[in-house]
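J.: Just dropping this structure here.
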Amino acid sequence: MTVIRGATTIKEDTPEEIRAAVKELLGEIIDRNTIKKDEVMSIVLSSTSDIHSYYPAKAARETGFESCALFSAQEPDIVGGLALCIRVMIFVEKNISVRHVYLHGAQNLRKDITKVYSVAIDGPAGSGKSTIARILAKDRKILYLDTGAMYRACALKALQSNVDAADEAAVCDLLKTIELTVRHENGEQHTVLDGKDVSEEIRRPEVSMAASTISTHAYVRMKMVEKQQEIASKTSCVLDGRDIGTVVLPNADFKFFLTARPEVRARRRYDELKAKGYEVDLAALEKELALRDQQDSTRDVSPLKRAPDAVLVDTSDMTVDEVVAHIRSKIQEKI
Ligand code: DC
């Protein structure tokens, strides 16, 4: 079982404000924890003694929590306590990694968990970005956003539609009809293209080069960057990609640029693909990686480059644990 906490404040004690506040708070808790309404067993709500005009539990019932047990109580009048505050505690049957939600004035209650911060990890393919970003996000209990997966999904759409990834006009037309979303379940990103989970399919070797090509177009980048910025503005996360520290989040709280010698990166990709059962040729992979590096770092729009304030980490001769420890210590130094 999991217990999720949340709180919010209202400006005035009116039924409309209470209904809107409860709806917003419960909606955010459901979204940020990727749970469904019918997975909620019980919600306990409390409100400060300056709230009289409506039952928060009734408001919760009205937002669609029909089958769970609901209870609301009034808190004692504490001098210096936060005014007009509604608190909730949600009990969920399954075990998930919890994201508590504090909104509006209630953010002051838990500054430790409400400050939204971001970690940008950029670097070429095979530098270890995604492995490190995933571990780091799990470690800090924040979201991991794999931005490469989004370009890969666009590339997959082009491949499926027989559209040449290099043909900018055709790609732009195609992307107007694309339905691309990312959702997170137990820390794992699921990339959903036109309603289908394509998280595995986008790892196919032929998608990699097409993703690099499609990502050179300004319109594609604009659309993807918009989505990435929206996600990062709402919740703390680790993002990995090529332009995170330079374009997507130039004000990221922490920036890293990972690199490794080309032969090491090719070997890592080779091992990764082999483990997934793909027939790959190391020499061909080295060539493809060099081509992708060249294309990603010389394109006109947001090329792969190290932000001046990003910490450079050459992972060639480091283990995953060593890289994670190094990055952790750099974050700790700055916190
Ligand atoms: O990280 P990856 O190998 O999954 O990325 C696939 C391609 O997508 C990569 O070659 C370049 C592009 N990409 C990008 O241009 N910007 C990003 N932020 C992430 C990926």
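The values are calculated or read from the model by the stated rules, or taken from the named source; none is laboratory data. Everything quoted here is computed from the prediction, not taken from an experiment. Cβ atoms come from the backbone with ideal geometry, glycine included; neighbour counts cover every protein chain shown. Side chains included, ligands, DNA and RNA excluded: accessible areas come from the protein's heavy atoms. Shrake-Rupley method; radii C 1.70, N 1.55, O 1.52, S 1.80 Å.
J.: Check whether at least one residue in the stretch 191-199 is at positive phi and not charged (D, E, K, R), and report yes or no.
T.: The answer is yes, given that some residue of the stretch 191-199 is at positive phi and not charged (D, E, K, R).
J.: Across the stretch 228-243, what is the number of residues that are modelled with pLDDT of 95 or more and either assigned to a helix (DSSP H, G or I) or within 11 Å of the ligand (Cβ to nearest atom) (or both)?
T.: Here the count works out to 7.
J.: Then there is this: Quick one: would you say residue 249 is free of Cβ contacts under 8 Å to residues at least 24 places away in the same chain and not polar (S, T, N, Q)?
T.: For residue 249, the condition - free of Cβ contacts under 8 Å to residues at least 24 places away in the same chain and not polar (S, T, N, Q) - is not met.
J.: Output the number of residues of the stretch 6-41 satisfying the condition of being more than 28 Å from the chain's Cα centre (by Cα) and surrounded by 16 or more Cβ atoms within 10 Å (Cβ to Cβ).
T.: 5
J.: Just to be sure I understand the filter: pairs with C-beta atoms under 6 Å, separated by 6 or more residues or on different chains, first member in the stretch 301-325 and open to solvent by 90 Å² or more (accessible area, probe 1.4 Å) and part of a loop (DSSP other than H, G, I, E, B), second member modelled with pLDDT of 95 or more and within 16 Å of the ligand (Cβ to nearest atom). Which pairs pass?
T.: 306/257; 309/255
J.: Just checking, does the stretch 185-200 include any residue being within 11 Å of the ligand (Cβ to nearest atom) and of a type outside the set (A, V, I, L, M)?
T.: Checked the stretch 185-200: at least one residue is within 11 Å of the ligand (Cβ to nearest atom) and of a type outside the set (A, V, I, L, M).
J.: If the requirement is being at negative phi and in a strand (DSSP E or B), which of these qualifies: 289, 258, 285?
T.: None of the other options fit; the residue is 258.
J.: Can I ask one more? Residues of the stretch 10-48 being of a type in the set (D, E, K, R) and outside any helix (DSSP H, G or I), which ones?
T.: Scanning the stretch 10-48 gives 11, 12, 13, 36.
J.: Separate question: Working only within the stretch 81-97, note down all residues that are under 19 Å from residue 38 (Cβ atoms) and part of a loop (DSSP other than H, G, I, E, B).
T.: Result: 93, 94, 95, 96.
J.: Kindly check whether there is at least one residue in the stretch 151-158 that is closer than 30 Å to residue 322 by Cα and either surrounded by 19 or more Cβ atoms within 10 Å (Cβ to Cβ) or hydroxyl-bearing (Ser, Thr, Tyr) (or both).
T.: Within the stretch 151-158 (the criterion being closer than 30 Å to residue 322 by Cα and either surrounded by 19 or more Cβ atoms within 10 Å (Cβ to Cβ) or hydroxyl-bearing (Ser, Thr, Tyr) (or both)), the answer is yes, since at least one residue qualifies.
J.: Applying the selection to the stretch 274-300, what residues are within 12 Å of the ligand (Cβ to nearest atom), open to solvent by less than 50 Å² (accessible area, probe 1.4 Å) and among the aliphatic types (A, V, I, L, M)?
T.: Once the filter is applied, which keeps residues that are within 12 Å of the ligand (Cβ to nearest atom), open to solvent by less than 50 Å² (accessible area, probe 1.4 Å) and among the aliphatic types (A, V, I, L, M), the stretch 274-300 yields only 289.
J.: Still on this structure, please answer the following. Quick test of your reading of the structure: residue 273 fulfils all but one of (1) outside any helix (DSSP H, G or I); (2) over 27 Å from residue 168 (Cβ atoms). Name the failing condition by number.
T.: (1)
J.: Let me ask you something else. Does residue 220 fit the bill of being over 14 Å from residue 157 (Cβ atoms), open to solvent by less than 60 Å² (accessible area, probe 1.4 Å), more than 8 Å from the ligand (Cβ to nearest atom) and not polar (S, T, N, Q)?
T.: When the stated conditions are applied, residue 220 does not pass them.
J.: Write out, first by first residue and then by second, each pair whose Cβ atoms fall under 7 Å of each other, whose residues are 6+ apart or on separate chains, and whose first residue, in the stretch 104-130, is at positive phi while the second is within 10 Å of the ligand (Cβ to nearest atom) and open to solvent by less than 10 Å² (accessible area, probe 1.4 Å).
T.: As it stands, the answer is 126/289, since those pairs meet every condition given.
J.: What is the residue count in the stretch 76-96 for residues that are open to solvent by less than 40 Å² (accessible area, probe 1.4 Å) and either more than 31 Å from the chain's Cα centre (by Cα) or within 24 Å of residue 12 (Cα to Cα) (or both)?
T.: Total satisfying the criteria: 4.
J.: In the stretch 110-147, how many are within 26 Å of residue 269 (Cβ to Cβ), open to solvent by 30 Å² or more (accessible area, probe 1.4 Å) and part of a loop (DSSP other than H, G, I, E, B)?
T.: 0
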